[in-house]
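Heads up, the thing below is written out as C-alpha cells.
The values are calculated or read from the model by the stated rules, or taken from the named source; none is laboratory data. Nothing here was measured: the structure is a model prediction, and the numbers come from that model. Reconstructed Cβ throughout: ideal geometry from the backbone, glycine too, with neighbour counts over all protein chains shown.
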Amino acid sequence: MALIEHGKLAEDIWHDTDDFADAQALAPMGPIIVDLDTWRRHRDEILALDSPVGLRLQPGQTPDLVASDLHHFDLIALEFAKFTDGRAYSQARLLRERHGFKGKLRAVGDVLRDQLTFMLRCGFDSFQVATDSRAAAILEAVDEFAHWYQLALDRSATIPSLRRAAGATEAAGETGATGVAATWAY
C-alpha cells in the first residue's frame, strides 16, 4: 500500500491492528491505529502505551461516538468501502467542523483519483491507496485544481472573491503580480 500525505509519497509509520491480545506486544510497534470496538474494549491499556494512537472508523460509525475522546487521537482513518459510498466525506466534515479535530485525517479503502479534490475539500490530508498506479494517478491530480467556487474546510480563496479582488485592483489602476491588470473570463 502506498501513502500520500500533503501531496507527496510518504513513509507510513502507523501500524493498523485489531489484535489486542497483549498490549505489551504492541508497545514496540510505535504509532497504532485501532478500530472503534478495540478502542472501546481496551481504551485504558491503549492510552497506557504512551504512543501515538489512531482510530479507524467504518462508514456507519459516526464521529459523535468518540467525540469526548478525540483529543487522544493523532490520526483518524476513514473507510471508503466502495466508490458509491460517500459517508466518509460526511464523517470528515463532522470531525473537522463540529468536533474541531486537528489531527490527521486519512482516507483508506477504495480511494480513487476522481474523488481526490472532494476529499481534500472535506479535510483529508493523507490517502492510503492500494496500488502504485493509483498512487501515481493521485499524485498527478493533487494540483489539478487551484481555485474553487465554494468555501470549504481548506479555506482556499473562492473564484468570486478572487474576481472581486482583481476588479478592485484594476479599478485602483494597480497591476497584479505579473505586472498586468488581472482579467477574468466569465
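Laid out as a table, the results:
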read-out: Given (1) assigned to a helix (DSSP H, G or I); (2) under 25 Å from L120 (Cβ atoms); (3) touching a residue at least 12 places away in the same chain (Cβ under 8 Å), number of the condition G60 does not satisfy; value: (1)
read-out: All positions within segment 113-157 that are within 15 Å of the chain's Cα centre (by Cα), at pLDDT below 80 and in a loop (DSSP other than H, G, I, E, B); value: V142, A152, L153, D154, R155
read-out: Subset of segment 122-136 [among the polar types (S, T, N, Q), loosely packed, with under 14 Cβ neighbours inside 10 Å and either in contact with a helix residue (DSSP H, G or I) (Cβ under 6 Å, 6 or more places away or on another chain) or touching a residue at least 24 places away in the same chain (Cβ under 8 Å) (or both)]; value: T131
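Here's the yes/no breakdown for (1) over 20 Å from A137 (Cβ atoms); (2) at pLDDT 95 or above; (3) assigned by TED's automatic domain parsing to the domain that holds E140; (4) crowded, with 18+ Cβ neighbours inside 10 Å:
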residue: G7; (1), (2), (3), (4): no, no, yes, no
residue: A27; (1), (2), (3), (4): yes, no, yes, no
residue: D44; (1), (2), (3), (4): yes, no, yes, no
residue: D50; (1), (2), (3), (4): yes, no, yes, no
residue: V66; (1), (2), (3), (4): yes, yes, yes, yes
residue: H99; (1), (2), (3), (4): yes, yes, yes, no
residue: G109; (1), (2), (3), (4): no, no, yes, yes
